[in-house]
Amino acid sequence: MNCFLIRMLVVLGLAAFPGWSFAIDIPPGQAIAPPPGKSAIRFEVNSVKVGDKYLQGKALNTGSELELNSLGFQYSRSLLIKNRLAGFYLNSAVGLALPGGSMATQSNVTSLTDSAAALVTWLLADKEKGRYAVLGTFVIAPTGDYDSNRAINFSQNRFAGGFQLGYHTRLAKDWDVMTTANVMFSGKNDDYRLTHQTYEQDPLYSMQFTLMHHIDPSVTASATYYVYHGGAGQLDGVDMDNDISRNRYEMVLSKRVRSAKYFLYFGKDANTENGFIEDRRVSFRYQHYL
């Protein structure tokens, strides 16, 4: 890839781990209210393969490839606030980026990622009918290593935050459904990659729809469809015409074993209007309840 094309890709928005540019997704079943005073720790291994760059829905045929791996950790706890069930979590990760294809001349990158924290409260928790409504607010802090002279970064170099509303209900015996709506607001990056300009982003809206089937009391299979819209960027106040319009899907198999739960995720983008397309996402998570 020549220098001009590398610069073009950077200006158009090359970001390590595209998922971190989007609102925080809610895992299947996460809206179910836990008992108060319970803690959990979660470890996860993620592998994402990113492919071609898209502009206005058309592939640029750059031959770009990027594999992004991470090892993450999360701590969560439920509690009562004025007799209302609430909870919080804190998470972060270490990432490894492996460029390939026409990007093979770029160096591998190992770095801490940006970190996230969230506070949630349950507006409805009807265990008998299997109905739950949860409202959350989250913040993403730029704790990751960032170098504007580097094309690939695991940090956005800015604060972000937003709100989430989730609803979970029982459809029939052994079948549940969950839907969520999210909005994320982002601060400015005053040293945006190789151009060293100021980057701003419009609010990003997203929704997810999850269908869950309980194969037995300890095993659940889930299918989720995600929709993202908005989030157009500006460089020094000039519109980049890169509105996000992205759809992706994900399959999850989970198994409960005593005080632990195992998750296997597999997904990819169905399509994307602007940005690098996600060709593969595989995750393995282990959650231990304290």
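Return yes when SER254 is touching a Leu at 6+ places or on another chain (Cβ under 9 Å), farther than 22 Å from ASP52 by Cα and either polar (S, T, N, Q) or surrounded by 14 or more Cβ atoms within 10 Å (Cβ to Cβ) (or both) and no when it is not.
Yes, satisfied.
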> When the stretch 112-153 is examined, which residues are found to be among the small types (Gly, Ala, Ser) and over 22 Å from PHE276 (Cβ atoms)?
Replying inline: SER115, ALA117, ALA118, ALA125, GLY130, ALA133, GLY136, ALA141
>> Restricting to the stretch 50-71, name every residue that is assigned to a strand (DSSP E or B) and either surrounded by fewer than 17 Cβ atoms within 10 Å (Cβ to Cβ) or free of Cβ contacts under 8 Å to residues at least 40 places away in the same chain (or both).
In response: LEU55, LYS58, ALA59, GLU65, GLU67, ASN69, LEU71
> For the stretch 212-236, which residues satisfy the criterion of being assigned to a strand (DSSP E or B), among the hydrophobic types (A, V, I, L, M, F, W, C) and closer than 27 Å to GLY161 by Cα?
Replying inline: ALA223, VAL227, LEU235
> Would you pick out the residues in the stretch 94-119 that are β-branched (Val, Ile, Thr), over 15 Å from GLU65 (Cβ atoms) and part of a loop (DSSP other than H, G, I, E, B)?
Replying inline: THR113
> Does the stretch 23-38 contain at least one residue that is modelled with pLDDT of 95 or more, out of contact with any Pro (no Cβ under 8 Å at 6 or more places or on another chain) and polar (S, T, N, Q)?
Replying inline: no
> If you check PRO99 against the conditions, is it surrounded by 17 or more Cβ atoms within 10 Å (Cβ to Cβ), within 14 Å of PHE276 (Cβ to Cβ) and modelled with pLDDT of 90 or more?
Replying inline: yes
> Restricting attention to the stretch 152-190, and to residues there that are buried (at least 21 other Cβ atoms within 10 Å of the Cβ) and among the aliphatic types (A, V, I, L, M), which single residue is farthest from VAL48 (Cα to Cα)?
Replying inline: MET178
> Hey, does the stretch 215-238 have a residue that's hydroxyl-bearing (Ser, Thr, Tyr), surrounded by fewer than 17 Cβ atoms within 10 Å (Cβ to Cβ) and under 23 Å from the mean Cα position of the chain (by Cα)?
Replying inline: yes
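Quick check on the stretch 123-175: of everything there that is assigned to a loop (DSSP other than H, G, I, E, B) and among the aromatic types (Phe, Trp, Tyr), which residue is nearest to ASP202 (Cα to Cα)?
PHE159
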> Only one residue in ARG246, ARG193 is touching a Gly at 6+ places or on another chain (Cβ under 8 Å), closer than 27 Å to SER155 by Cβ and surrounded by 14 or more Cβ atoms within 10 Å (Cβ to Cβ). Which one?
Replying inline: ARG246
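The values are calculated or read from the model by the stated rules, or taken from the named source; none is laboratory data. Fair warning: this is a prediction, and the values are worked out from it, not measured in the lab. Reconstructed Cβ throughout: ideal geometry from the backbone, glycine too, with neighbour counts over all protein chains shown.
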